[in-house]
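In what follows, a structure is listed as structure tokens, so that the remarks can point back to it.
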DNA sequence: GCATAATGCAAAGTTAACTTTGCATATTGG
DNA sequence: CCAATATGCAAAGTTAACTTTGCATTATGC
């Protein structure tokens with residue numbers, strides 16, 4: 001799943017550590033989500049959206065649908 | 001986390017099994033999410049939103065913020 | 001009243017999210 | 001140049017999401 005966290009962080013000049021603290025997870029979680037190693041839980045997605053003052057849909061992008069065969 | 005899945009399903013007259021099939025998870029996952037036993041992953045939340053033609057924010061409601069002490 | 005569909009839950013297993021620690025390598029600023 | 005800050009990843013552990021199976025109960029329809 002793609003996301004715009006890095007850009008939104010850059011706009012605000014927040015480090016990964018600052019964002020992690022704000023949303024209440026470890027820095028490694030932010031790195032892994034930001035770099036697409038895994039997807040956040042829905043509650044973490046809400047927390048990130050709240051931190052940036054955005055909607056989830058404005059930050060995270062659905063994966064392309066699977067080919068049907 | 002609260003959600004409006006049961007209402008949205010009722011409006012469309014979909015069973016839990018039908019919704020489960022549409023979004024590609026087991027029926028038990030739908031029951032557990034619908035009844036608040038656990039939260040969906042972000043990708044499942046997107047799939048549910050797509051099934052209903054809604055946004056995530058229109059289906060799922062944030063938990064109230066934790067008291068600060 | 002009876003069959004069928006719908007819902008709920010429990011138990012046990014797998015997978016994925018998330019944590020902690022630690023280390024390596026940039027990048028930035030004085 | 002040096003120190004501090006920022007980023008990335010790896011390994012090993014915990015927790016939570018999700019699966020499968022199975023069974024019990026509650027509608028719904030003929």
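Scanning segment A:1-23 for residues that are assigned to a loop (DSSP other than H, G, I, E, B) and either loosely packed, with under 11 Cβ neighbours inside 10 Å or under 13 Å from the mean Cα position of the chain (by Cα) (or both) returns A:1, A:4, A:13. State all residues of segment B:31-41 that are in contact (Cβ under 8 Å) with a residue 12 or more places away in the chain and within 8 Å of DNA strand C (Cβ to nearest atom); if no residue qualifies, say none. Answer for segment B:31-41, where residues must be in contact (Cβ under 8 Å) with a residue 12 or more places away in the chain and within 8 Å of DNA strand C (Cβ to nearest atom): B:31, B:34.
Identify, from the list B:30, B:48, B:59, the residue that is within 26 Å of residue A:49 (Cα to Cα), away from chain A (no Cβ under 14 Å) and either within 10 Å of DNA strand D (Cβ to nearest atom) or under 12 Å from the mean Cα position of the chain (by Cα) (or both).
Values: B:48 fails: away from chain A (no Cβ under 14 Å); B:59 fails: away from chain A (no Cβ under 14 Å).
Every option except B:30 fails the conditions.
For segment A:33-42, the candidate set comprises residues that are within 13 Å of another protein chain (Cβ to nearest Cβ) and over 17 Å from residue B:58 (Cβ atoms); within that set, the residue that is surrounded by the fewest Cβ atoms within 10 Å (Cβ to Cβ) is A:36. Every test in (1) part of a helix (DSSP H, G or I); (2) in contact with a helix residue (DSSP H, G or I) (Cβ under 7 Å, 6 or more places away or on another chain); (3) within 12 Å of DNA strand D (Cβ to nearest atom); (4) within 23 Å of residue A:55 (Cβ to Cβ) is passed by residue B:39 save one, and that test is (1).
Determine whether residue A:49 is at pLDDT 95 or above, in contact with a strand residue (DSSP E or B) (Cβ under 9 Å, 6 or more places away or on another chain) and in a helix (DSSP H, G or I). Steps first, answer last, please.
On the way: at pLDDT 95 or above: yes; in contact with a strand residue (DSSP E or B) (Cβ under 9 Å, 6 or more places away or on another chain): yes; in a helix (DSSP H, G or I): yes.
Considered against the rule, which asks whether it is at pLDDT 95 or above, in contact with a strand residue (DSSP E or B) (Cβ under 9 Å, 6 or more places away or on another chain) and in a helix (DSSP H, G or I), residue A:49 comes out as yes.
The values are calculated or read from the model by the stated rules, or taken from the named source; none is laboratory data. What you see is a predicted model; the values in this text were computed from it and never measured. Reconstructed Cβ throughout: ideal geometry from the backbone, glycine too, with neighbour counts over all protein chains shown.
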